Amino acid sequence: MSNSDGSALEQLKARFRRISGLNHAMTFLGWDQMVMMPDQGMAQRSESMAELAALRHELLADEAIGELLQGCENLAPTTEQQAMLREMRLSRDREVCLPASLVKAKILAGSKCEHQWRTQREDNDWPGFLENFRAVVDLAREEASIRYEQGDYRNPYEALLDLYCTGDSANRVESVFETLRESVPELVVAVTDRQKKSSTSSYQGDFHIADQKALNEVLMGKLGFDFSAGRLDVSVHPFSTGDRGDQRITTRFTENEFAEALLGTAHETGHASYEGNLPEAWAGLPLGESRNMCIHESQSLLFEKQIFLSRSFFSHFYKDIKQAFPKNIGDSPDQLWAELLSVEPGYIRVEADEVTYPLHVMLRYEIERDLMNGEMEAEQVPDAWEEKMQDYLGLSVDYNHKIGCMQDIHWTDGSFGYFPSYTMGAVNGAQLFKTIRAEFPDWQSRFSSGDIGFVREWLNEKIWSQGCFQTSQQLIKGATGESTNAAYLLEHLHARYMDALY
């Protein structure tokens, strides 16, 4: 690049870093809204978030950015600069196609729906939720239609899917689902039959919340979380958010059970580890962001399923569980581990075992796809949920919406297209961890002593430090030698649940 061209790129960097500052503010206002804010603050917070979103839209849609990007089109930039400009264009194109009025309306409708959902869910109040949900669906359809018309997609839903699985075509996602549809139902039957022959003892009693929180923080530390750059709190639905120097993790606790919180915390620690170790040199720029949610979920599920639920790491962490709850936990780590690996079709996605979990995702994927493509109306969701629960999991929620279609937070703010990233993440996570096992044959002995530092270093080199420099498939292929392959998840599930190898 010439000096003048370099100046144009520096101007672009400055503009995108300003936009990043707005994103930062919205991120932590969103965290506060879901964790700390009193109910009566909702109206003003929604207005503030909508105004910030409109300002962000205005800055990205500024013709000056378009002119600066256009001026760089015929240059011969370095490989890094090419990637930087590519991601800047993608960020702008995704925003500029939407009218500012729609951006604001989505924030307002989503904030209202999510906030009221918290109590409506507990009260099983589908009619009350539906009133807000209709508005969210209508606005999401409007967005999907605009993106569909301006992009290379087969239908409106694919345009939303691309927001979360950027670079992973809808054909690839559907191919993964098709492979799992053919095998997972039979595997569920085989595993549940096998586990009927095993006896496991239940953990019982009260698990005080303060003790659980302390135990979850111990787990975060063992997984490499830096408490000088983050914290753990409580929310209705576990999540993580933040940036390199400030990672906020939330989980949820119940007094009669402790494992769900640990699994959620391990999961969110994977997200936070990725987000907190993105390349500092590209901070504030699209190139320095996480690649997509299919990669993000691979990190969270690798931490939760491949590390925490491995026999070797769990045997190490069992000592901390026993110390926290000496009267409630049996003396055998293997018995407790086996119980945590119990496979049984259930109603709640976040409580599902990893064998039945893909079926929960497929159910949601099919419903949100039909909703966004106009093949289903919001009023029909409970009936579709009941039917698909019967088909995939052999269960009836009997229109108890708290354990049915109102259980997840994702649809409340219009995050249609997100759910497939969980299954893509599970596949990618299993594929990445197979490579880790091959490269580190002593991984189990290391896990047994609590050492996962080598995994973090490997992930940092292959995934975290790359930001958006590579596409998702370049990341997976570069790390494992091939593109995303659902066979590795099936191989992992067979090895753990049929052969008890790890």
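The values are calculated or read from the model by the stated rules, or taken from the named source; none is laboratory data. Note that the coordinates shown come from a computational prediction; the quantities given were computed from them, not determined experimentally. In this analysis, Cβ positions are derived from the backbone assuming ideal geometry, glycine residues included, and neighbour counts consider all displayed protein chains.
Brief remarks on what is shown
- Residue selection: L363 fails the criterion of being touching a residue at least 40 places away in the same chain (Cβ under 8 Å) and either touching a helix residue (DSSP H, G or I) at 6+ places or on another chain (Cβ under 7 Å) or hydroxyl-bearing (S, T, Y) (or both).
- Residue among A266, A281, A214 that is under 19 Å from E354 (Cβ atoms) and of a type outside the set (S, T, N, Q): A266
- Applying the condition of being in contact (Cβ under 8 Å) with a residue 40 or more places away in the chain and among the β-branched types (V, I, T) to the stretch 79-109 and asking which residue is surrounded by the most Cβ atoms within 10 Å (Cβ to Cβ) yields I107.
- Qualifying residue in the stretch 66-81 (condition: within 30 Å of H410 (Cα to Cα), assigned by TED's automatic domain parsing to the domain that holds W117, touching an Asp or Glu at 6+ places or on another chain (Cβ under 9 Å) and of a type outside the set (G, A, S)): no
- Inspection of the stretch 253-262 finds no residue satisfying the criterion of being in a loop (DSSP other than H, G, I, E, B) and within 17 Å of the chain's Cα centre (by Cα).
- Residue in the stretch 286-309 that is farthest from K13 (Cα to Cα), counting only those that are assigned to a helix (DSSP H, G or I) and of a type in the set (S, T, N, Q): Q306
- Sole exception among (1) at pLDDT below 95; (2) on the phi > 0 side of the Ramachandran plot for G224, by number: (1)
- When M37 is tested against (1) modelled with pLDDT of 95 or more; (2) of a type in the set (A, V, I, L, M, F, W, C); (3) assigned to a helix (DSSP H, G or I), only condition (3) is not met.
- Residue that is nearest to the chain's Cα centre (by Cα) [pool: residues in the stretch 35-74 that are under 18 Å from C113 (Cα atoms) and among the small types (G, A, S)]: A53
- Restricting the first member to the stretch 128-139 and to residues that are buried (at least 18 other Cβ atoms within 10 Å of the Cβ), and the second to residues that are not in a helix (DSSP H, G or I), the beta-carbon pairs closer than 7 Å and six or more apart or on different chains are F129/M406; V136/G414; L139/G414.
- The listed residue being under 23 Å from C165 (Cβ atoms) and either in contact with a helix residue (DSSP H, G or I) (Cβ under 7 Å, 6 or more places away or on another chain) or in contact (Cβ under 8 Å) with a residue 40 or more places away in the chain (or both), out of G453, G404, G394, G467: G467
Every residue, every condition in (1) buried (at least 21 other Cβ atoms within 10 Å of the Cβ); (2) more than 21 Å from T423 (Cβ to Cβ), yes or no:
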position: L287; (1), (2): yes, yes
position: S290; (1), (2): no, no
position: L301; (1), (2): yes, no
position: E304; (1), (2): yes, no
position: S315; (1), (2): no, yes
position: Q335; (1), (2): no, yes
position: E344; (1), (2): no, no
position: E368; (1), (2): yes, no
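- F454 among the aromatic types (F, W, Y) and in a loop (DSSP other than H, G, I, E, B): no
- Residues within the stretch 438-455 that are buried (at least 17 other Cβ atoms within 10 Å of the Cβ) and within 20 Å of I476 (Cα to Cα), tallied: 1
- Taken over the stretch 474-499, the residue count meeting the criterion of being assigned to a loop (DSSP other than H, G, I, E, B) and in contact with a Leu (Cβ under 9 Å, 6 or more places away or on another chain) is 2.
- Looking at the stretch 143-249, the helices (runs of 4 or more DSSP H) lying wholly inside it that each contain 2 or more residues that are more than 30 Å from H115 (Cβ to Cβ) sit at 170-195, 209-222.
- Residue check for S169: closer than 25 Å to M293 by Cβ and hydroxyl-bearing (S, T, Y): yes
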